[in-house]
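The values are calculated or read from the model by the stated rules, or taken from the named source; none is laboratory data. Here the structure is a predicted model, which means the values were calculated and not measured. Here the Cβ is made from the backbone with ideal geometry for all residues, glycine too, and neighbour counts use every protein chain on show. Side chains included, ligands, DNA and RNA excluded: accessible areas come from the protein's heavy atoms. Shrake-Rupley method; radii C 1.70, N 1.55, O 1.52, S 1.80 Å.
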Amino acid sequence: MELGKRAVVLVMMMVALFGVVAMGEVYKVGESNGWTNTAPIFDYKAWAASKTFHVGDTIIFEYNKQFQNVVRVTHKNFKSCNATAPYRTLTTGNDSFVIPKHGHFFFICGLPGHCESGQKVDIRVPQPSSLPPSSYMPSQAPSPSPSASKSASAQPLANGGMWLSVVVLALSVYVFAY
């Protein structure tokens with residue numbers, strides 16, 4: 001096989017494998033309620049505690065941009081609901097945050113009174129060694145229901161990425177064989 005064809009095959013295989021490895025889950029903060037402070041206030045602390053987040057997962061914030069925002073802050077500012085020195089402020093009403101590393105990521109609404117009323121969330125991403133074995137060994141873990149781990153609207157996105165990787169890998173093998 002000529003060198004150019006082998007290079008194309010190698011690149012296609014890397015794309016396929018990268019797609020499988022880098023793909024994370026998609027979580028919508030507040031589920032169907034979204035990011036809001038309207039009564040009854042959604043329990044963002046309990047929502048985050050019920051999830052096991054990983055590097056590469058995407059956190060979606062959907063909200064009315066006229067009445068809300070999303071501010072990523074330090075732990076100290078999270079505890080005191082202080083939005084004056086943010087890492088980042090999101091204001092589009094449909095924002096996403098891809099988890100870049102292990103640790104805590106603190107988000108609050110920066111509008112007066114919103115954080116104090118409970119509109120804040122701590123996204124905790126544990127180190128792999130601190131996860132229970134079933135959390136990082138999918139072959140042994142039971143399949144969670146879609147509503148338990150990610151928003152229903154996100155499931156086609158994750159499945160589509162997996163199928164794309166499978167198709168690219170199959171094409172790579174086919175091209176390599178002929």
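Miscellaneous remarks
- The one condition in (1) more than 15 Å from residue 123 (Cα to Cα); (2) surrounded by 18 or more Cβ atoms within 10 Å (Cβ to Cβ); (3) modelled with pLDDT of 95 or more that residue 16 fails to fulfil: (3)
- Residues (part of a loop (DSSP other than H, G, I, E, B) and open to solvent by less than 60 Å² (accessible area, probe 1.4 Å)) located in region 94-110: 99, 109, 110
- Matching strands (runs of 3 or more DSSP E) fully within region 38-93 where at least 2 residues are modelled with pLDDT of 95 or more and closer than 13 Å to residue 110 by Cβ: 70-73, 88-90
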